[in-house]
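Chemist: Structure in C-alpha cells, see below.
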Ligand code: 26Q
C-alpha cells in the first residue's frame, strides 16, 4: 500500500468517526462521500494558502470576476482529478465496498446559475487556475440554487433546491472578513476636516456580508485559486428605537429580512424583471466585493490610489454587477477622499464588461425611482456620469440631439429607466462579445453608437469550456483512448488535440473510437431509463438538444421534425431513414408560459410516439427532466448528433455546442453564435448546416408568409395538420393553439417555418451519413481534433493577454 493511499484511508476514517460522528457499521454512502470530500479538501489547503500568499505579493495585475452566477456542479471528482489522486480515491471507495463514482454521485450539484452564463464563469475559474492566473471569483452564496424541475402530466413543476441541507464540505466561512452593506438612506453634503465638500449617507438599513471561500484547484500544478461567495445576515446592531419601544423580538426577527437577500437565485425570467430583491442582490455582491478589494489595497498603499487601476481589474459578467461602476466611484470619493476626476480615471480604466445577449428585450433596465430609493447615492453618481458623457457626445457631434437621446444612460418616458448596458460601456475600458458573429452584430446593431464613439473598446472573446470536466472527467473512455494515441498533454493544453487528425483515416483506431461511443451510449440509455422509464436502444442514433427552453433556441423546430418523422413512419415511408432516439431537456423560466407549453408539447408528442408500436423500430422521443451540470456529464459523451437550432443572430455563443463537439458528436445547426466557428474548425463537410443566416433572417422578416410556405410544402402541411388537428392532445382540446398560431404568425420573430424545409433536408443528410459508420466516425474524430479552439484555456489566455494584461504566476 502506498503512503498516500494509507493516509487518505486513515483521514477518511477519522473524518467519518470524529468530524461527522458516524460510527455505524453499515455503509451510508452519504457519510462516506462527506468524509472523503473533507479529506480531499484538506489536501488542497496548503496549496491554497501558498497561492493566496503569492496572490497578495504579486506585482502583476489582479483580476476579480464579478458574477451573480457560478454554476459549479459537483466538486469531488474535479478536485480528485486535478490533484491526480484518482487511483487512491478509487481504492478508498473500494475499501467501503462501493465504486468511487457512486460516492461522487452523492454530491448535490452547486446549481448557483441559470445556464450558459453561470457555467461559463465556472469554466473560466477552472482555466484561470490551470493557467496560474491571479484571479478571484466573487459571487453570491445562494441558500437555494436553480430550482429542480419535475414533470406532472407533462407539465414542468418547480421544487426548491436546498443544496446546503447536508452542509457543504467545499466552503470555509471567513467571518473575520465580513463587510457592511448599506441600503436606502439619504445623501447629505458636509465639509470635511480638510475643507472639501463630501457626500455622506445617513439613516441607511445595514446588512452584513459574510464571505465563504471555495477552493478552485488548477490541474496538477500546485495552484488553488479562490471563489468567494457572500452570504447576507443581519448586523448585530439591533434597531434601538424598535428595541426601546418594546419590540425586542421584532428587532431580532429582522435578521430574517436581511437573510432574504441571498436566499434564492433568480431564474432568468422576464416576469421577474425590475424586482427590488434582485437589485439588492446585485448591490450586495458588488459592494461587499469592492470593499474587500479596496481594503486589501489600502493595507499596503494607504490612500494612494495612483497605481490601483494598473494593479486591479474587474470583469463584469453581463450587466448584472454593473453597479460596480458607480459603487467604485462612491467608495473612492466618499470613503477615500478622491476627486471625481481621479475616481473616474481609476474606475474607467479597471472595469471591463462582457455582454451575453443579442435580444434587445433582454438588456437590463432599472426604474429610476426604485434605484434612487434603494441606492440614492449611486443614482446621483449615475446622473453625473451621464451628464459628463452627454457633454462629451455633444462636443463630438454638435447639435445631434437625437443621438444624445439614443445613448443617454437614462431612457426618458412615463417611468424613466436606467440602461445598465450603456452604463457598463461608458464605465469600462473593454467591451466584449462571446463569439465573433455576436461581437460583429453588437458593433453594427445594439451598440453601434458606442462603437462609433469608442471603436477601441470593442473586442471579441469566443467562449470555451474546460476540457478537464468536459472531456477528461466526463468521458474516461475517450480520455484513455486519447492518452494512448496522442499522449496526455491535451489536458493542460487542448491545442494538442489536433494530433488526432491523422488517426481519422486509421480503421483500427476508428473501431476503438466506435467502441468508446457505444459504451457511452449504454451509460446514457441507462440514465434515460432511470429518469423517464423510456428505453433508448444504443443501436439507434442519439439525437440530443439540451439547453434552457426558449423560443429563440427553437426546441419547437426539433419537435416539428419529430412529428415529420412520425408521419413518414405511419405511411411506411422509411426509405433512407435511420432509427433515432431524440432527447430534449432543459428548464423553462417559471413565468415563461410559452416555454412551459413547449415542454408540455414535447411530452405529449413523445407519449404518442413512444406508445405507437409502428414507431418502435424507428423513433423514440423523451423529455429528460431536471437538466443540470451533472446530467450533461452523462449526456454529452453518449450523443451522436448535437442540435443547435437557434434563429441566426439570436444565440450569443452557445457552450453546450462545444461540449458535444469535444465528445465526438456532429452538429446540426444554423450559422449562429459559436456554431460558425465550430463549423470552421471541424471543416464544413463535418457539420450539418441549415437555415437562414443572420442577414437573411433580417431580410426574410420583411415579407414572411408562413402560411404560404405551409400550403406549398405537403410534408410541412401534414405536420401542421397533425398539430392543429389535435392528434397529440385529444383530451386537452386547444392547449397548443398558442404555439401553432405563433408558427403561422407573419410576425413570428423566430422564423421557425422559414427554416423547416431546410432543416428536414439537413436531417435527411444526417441520416444518410450516419448509416455509413466509417464515414460518420471519421467525421466524429475530425470534430474532436478540431475542438482545441473551444477550450476555455484558450479563451482565458486571450482575456489575460488582451484585456487584463496580467501574467501567469510562477
Ligand atoms: C434577468 C433578470 C432577472 C433575473 C435574472 C436575469 C438573468 C439571469 C441569467 C438574465 C440572463 C441570464 C443568463 C444568460 C445567459 O446564460 N446567456 C448565455 O450566455 C452564454 C455564455 O456566454 C452564451 O453562450 C449564450 O449564448 C447566452 O444565451
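The values are calculated or read from the model by the stated rules, or taken from the named source; none is laboratory data. Treat the numbers as computed from the prediction; the structure is a model and nothing was measured. Glycine gets a Cβ as well: all are built from the backbone with ideal geometry, and neighbour counts include every protein chain shown.
Chemist: Return the only residue of 216, 261, 181 being within 16 Å of the ligand (Cβ to nearest atom) and either under 29 Å from residue 334 (Cβ atoms) or in a strand (DSSP E or B) (or both). Even if it seems obvious, please write down each step before you answer.
Modeler: Working: 216 fails: within 16 Å of the ligand (Cβ to nearest atom); 181 fails: within 16 Å of the ligand (Cβ to nearest atom).
261 is the lone residue from the list that is within 16 Å of the ligand (Cβ to nearest atom) and either under 29 Å from residue 334 (Cβ atoms) or in a strand (DSSP E or B) (or both).
Chemist: Restricting to the range 622-639, name every residue that is more than 15 Å from residue 151 (Cβ to Cβ), touching a strand residue (DSSP E or B) at 6+ places or on another chain (Cβ under 6 Å) and surrounded by fewer than 24 Cβ atoms within 10 Å (Cβ to Cβ).
Modeler: 629, 630
Chemist: When you look at residue 216, is it under 27 Å from residue 76 (Cα atoms), free of Cβ contacts under 8 Å to residues at least 40 places away in the same chain and under 35 Å from the mean Cα position of the chain (by Cα), yes or no?
Modeler: Numbers: under 27 Å from residue 76 (Cα atoms): yes; free of Cβ contacts under 8 Å to residues at least 40 places away in the same chain: no; under 35 Å from the mean Cα position of the chain (by Cα): yes.
So residue 216 fails the test.
Chemist: Additional query: Scan (1) in a strand (DSSP E or B); (2) out of contact with any helix residue (DSSP H, G or I) (no Cβ under 8 Å at 6 or more places or on another chain) for the single condition residue 528 breaks and write down its number.
Modeler: In the conditions (1) in a strand (DSSP E or B); (2) out of contact with any helix residue (DSSP H, G or I) (no Cβ under 8 Å at 6 or more places or on another chain), residue 528 misses (1) alone.
Chemist: Taking the range 768-794 on its own, how many of its residues are in contact with a strand residue (DSSP E or B) (Cβ under 9 Å, 6 or more places away or on another chain) and either crowded, with 20+ Cβ neighbours inside 10 Å or within 20 Å of residue 478 (Cβ to Cβ) (or both)? Break it down into steps so the answer makes sense when it comes.
Modeler: Step one: filter the range 768-794 for residues in contact with a strand residue (DSSP E or B) (Cβ under 9 Å, 6 or more places away or on another chain), giving 769-770, 776, 779-780, 783, 790-792.
When the remaining residues are screened for being either crowded, with 20+ Cβ neighbours inside 10 Å or within 20 Å of residue 478 (Cβ to Cβ) (or both), the result is 770, 776, 779-780, 783, 790-792.
Residues meeting the conditions: 8.
Chemist: Related question: Can you pull out the residues in the range 106-122 that are in contact with a helix residue (DSSP H, G or I) (Cβ under 8 Å, 6 or more places away or on another chain) and away from the ligand (no atom under 16 Å from the Cβ)?
Modeler: Once the filter is applied, which keeps residues that are in contact with a helix residue (DSSP H, G or I) (Cβ under 8 Å, 6 or more places away or on another chain) and away from the ligand (no atom under 16 Å from the Cβ), the range 106-122 yields 106, 107, 109.
Chemist: Do you know which of the residues in the range 668-683 that are over 21 Å from residue 124 (Cα atoms) and surrounded by fewer than 24 Cβ atoms within 10 Å (Cβ to Cβ) is farthest from the ligand (Cβ to nearest atom)?
Modeler: Taking the range 668-683 first, the residues over 21 Å from residue 124 (Cα atoms) are 668-672, 676, 679-683.
So of that shortlist, the ones also surrounded by fewer than 24 Cβ atoms within 10 Å (Cβ to Cβ) come out as 671, 676, 679-683.
Values: 671: 14, 676: 13, 679: 16, 680: 17, 681: 17, 682: 18, 683: 23 Å.
Per the stated criteria, the residue is 683.
Each row is one residue, and each column tells you yes or no for (1) touching a strand residue (DSSP E or B) at 6+ places or on another chain (Cβ under 8 Å); (2) modelled with pLDDT of 95 or more; (3) under 18 Å from residue 364 (Cα atoms).
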position: 425; (1), (2), (3): yes, yes, yes
position: 432; (1), (2), (3): yes, yes, yes
position: 436; (1), (2), (3): yes, yes, no
position: 446; (1), (2), (3): no, yes, yes
position: 457; (1), (2), (3): yes, yes, no
position: 472; (1), (2), (3): no, yes, no
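Chemist: Further question on the same structure: What pairs can you find where one residue is in the range 250-279 and over 21 Å from residue 586 (Cα atoms) and without any contact (Cβ under 8 Å) to a residue 60 or more places away in the chain, the other is within 14 Å of the ligand (Cβ to nearest atom) and in a loop (DSSP other than H, G, I, E, B), and their Cβ atoms are less than 6 Å apart, with a gap of 6+ or different chains?
Modeler: 278/266
Conditions tested, residue by residue: (1) touching a helix residue (DSSP H, G or I) at 6+ places or on another chain (Cβ under 7 Å); (2) part of a loop (DSSP other than H, G, I, E, B).
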position	(1), (2)
708	no, no
717	yes, no
722	yes, no
726	no, yes
733	no, yes
754	yes, no
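Chemist: On the basis of being away from the ligand (no atom under 15 Å from the Cβ) and surrounded by 24 or more Cβ atoms within 10 Å (Cβ to Cβ), does residue 691 make the cut? Step through it out loud before you land on a result.
Modeler: Working: away from the ligand (no atom under 15 Å from the Cβ): yes; surrounded by 24 or more Cβ atoms within 10 Å (Cβ to Cβ): yes.
Considered against the rule, which asks whether it is away from the ligand (no atom under 15 Å from the Cβ) and surrounded by 24 or more Cβ atoms within 10 Å (Cβ to Cβ), residue 691 comes out as yes.
Chemist: Check the range 487-505 and report whether any residue there is part of a helix (DSSP H, G or I), surrounded by 17 or more Cβ atoms within 10 Å (Cβ to Cβ) and within 16 Å of the ligand (Cβ to nearest atom).
Modeler: No: the range 487-505 contains no residue that is part of a helix (DSSP H, G or I), surrounded by 17 or more Cβ atoms within 10 Å (Cβ to Cβ) and within 16 Å of the ligand (Cβ to nearest atom).
Chemist: Exactly one condition in (1) part of a helix (DSSP H, G or I); (2) within 16 Å of residue 638 (Cα to Cα); (3) within 16 Å of the ligand (Cβ to nearest atom) is not met by residue 523; state its number.
Modeler: For residue 523, the failing item is (3).
Chemist: Taking the range 47-90 as the region of interest, how many residues are without any contact (Cβ under 8 Å) to a residue 24 or more places away in the chain and in contact with a strand residue (DSSP E or B) (Cβ under 9 Å, 6 or more places away or on another chain)?
Modeler: Of the residues in the range 47-90, 1 are without any contact (Cβ under 8 Å) to a residue 24 or more places away in the chain and in contact with a strand residue (DSSP E or B) (Cβ under 9 Å, 6 or more places away or on another chain).
Chemist: Looking at (1) farther than 30 Å from residue 373 by Cβ; (2) within 16 Å of the ligand (Cβ to nearest atom); (3) under 21 Å from the mean Cα position of the chain (by Cα), can you tell me which one residue 420 breaks?
Modeler: Going through the list (1) farther than 30 Å from residue 373 by Cβ; (2) within 16 Å of the ligand (Cβ to nearest atom); (3) under 21 Å from the mean Cα position of the chain (by Cα), residue 420 breaks only (1).
Chemist: Determine if the range 138-153 includes at least one residue that is closer than 22 Å to residue 219 by Cβ and more than 16 Å from the ligand (Cβ to nearest atom).
Modeler: Scanning the range 138-153 turns up no residue that is closer than 22 Å to residue 219 by Cβ and more than 16 Å from the ligand (Cβ to nearest atom).
Here is a yes/no grid of residues against (1) crowded, with 24+ Cβ neighbours inside 10 Å; (2) out of contact with any helix residue (DSSP H, G or I) (no Cβ under 8 Å at 6 or more places or on another chain); (3) under 14 Å from residue 668 (Cβ atoms):
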site: 534; (1), (2), (3): no, no, no
site: 538; (1), (2), (3): no, no, no
site: 561; (1), (2), (3): no, no, yes
site: 582; (1), (2), (3): yes, no, yes
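Chemist: Here's another thing I want to ask about it. Please find, among 590, 613, the residue that is farther than 30 Å from residue 495 by Cα, surrounded by fewer than 20 Cβ atoms within 10 Å (Cβ to Cβ) and within 16 Å of the ligand (Cβ to nearest atom).
Modeler: Working: 613 fails: within 16 Å of the ligand (Cβ to nearest atom).
The conditions single out 590.
Chemist: Helices (runs of 4 or more DSSP H) wholly in the range 371-472 with at least 1 residues that are in contact (Cβ under 8 Å) with a residue 40 or more places away in the chain and more than 25 Å from residue 124 (Cβ to Cβ) - which ones?
Modeler: Details: elements: 376-396, 401-407, 420-427, 436-444, 448-453.
Of the helices (runs of 4 or more DSSP H) lying wholly inside the range 371-472, those with at least 1 residues that are in contact (Cβ under 8 Å) with a residue 40 or more places away in the chain and more than 25 Å from residue 124 (Cβ to Cβ) span 376-396, 401-407, 448-453.
Chemist: What about residue 439, is it within 29 Å of residue 74 (Cα to Cα) and within 16 Å of the ligand (Cβ to nearest atom)?
Modeler: On the way: within 29 Å of residue 74 (Cα to Cα): no; within 16 Å of the ligand (Cβ to nearest atom): yes.
So residue 439 fails the test.
Chemist: I've got another one for you. Report whether or not residue 652 is within 15 Å of the ligand (Cβ to nearest atom), buried (at least 24 other Cβ atoms within 10 Å of the Cβ) and modelled with pLDDT of 95 or more. Write out each step before concluding.
Modeler: Details: within 15 Å of the ligand (Cβ to nearest atom): yes; buried (at least 24 other Cβ atoms within 10 Å of the Cβ): yes; modelled with pLDDT of 95 or more: yes.
Against the criterion (within 15 Å of the ligand (Cβ to nearest atom), buried (at least 24 other Cβ atoms within 10 Å of the Cβ) and modelled with pLDDT of 95 or more), residue 652 qualifies.
Chemist: Continuing with the same structure: Considering each of 273, 268 in turn, give the residue that is under 22 Å from residue 141 (Cβ atoms), modelled with pLDDT under 95 and within 16 Å of the ligand (Cβ to nearest atom). Steps first, answer last, please.
Modeler: Details: 273 fails: under 22 Å from residue 141 (Cβ atoms).
So the residue among 273, 268 that is under 22 Å from residue 141 (Cβ atoms), modelled with pLDDT under 95 and within 16 Å of the ligand (Cβ to nearest atom) is 268.
Chemist: Just name the residue that is surrounded by the fewest Cβ atoms within 10 Å (Cβ to Cβ) out of those in the range 133-175 that are without any contact (Cβ under 8 Å) to a residue 60 or more places away in the chain and part of a strand (DSSP E or B).
Modeler: 152
Let's see how each residue does on (1) within 26 Å of residue 381 (Cβ to Cβ); (2) within 16 Å of the ligand (Cβ to nearest atom); (3) surrounded by fewer than 20 Cβ atoms within 10 Å (Cβ to Cβ):
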position: 432; (1), (2), (3): yes, yes, no
position: 448; (1), (2), (3): no, no, yes
position: 460; (1), (2), (3): no, yes, yes
position: 463; (1), (2), (3): no, yes, no
position: 468; (1), (2), (3): no, no, no
position: 472; (1), (2), (3): no, no, no
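Chemist: Now for a different question. Only residues that are free of Cβ contacts under 8 Å to residues at least 40 places away in the same chain and out of contact with any strand residue (DSSP E or B) (no Cβ under 8 Å at 6 or more places or on another chain): list them for the range 195-210, please.
Modeler: We begin by selecting, within the range 195-210, every residue free of Cβ contacts under 8 Å to residues at least 40 places away in the same chain; these are 195, 197, 202-206, 210.
Within the range 195-210, 195 is the sole residue that qualifies.
Chemist: Could you go through the range 736-745 and let me know if any residue there is more than 30 Å from residue 492 (Cβ to Cβ), touching a residue at least 40 places away in the same chain (Cβ under 8 Å) and not in a helix (DSSP H, G or I). Walk me through how you get there before you give the answer.
Modeler: Just the residues of the range 736-745 that are more than 30 Å from residue 492 (Cβ to Cβ), to begin with: 736-745.
Right, trim to touching a residue at least 40 places away in the same chain (Cβ under 8 Å) and you get 736, 738-739, 742-743.
Checking the rest, the ones that are also not in a helix (DSSP H, G or I) come to 736.
Yes, that holds for at least one residue.
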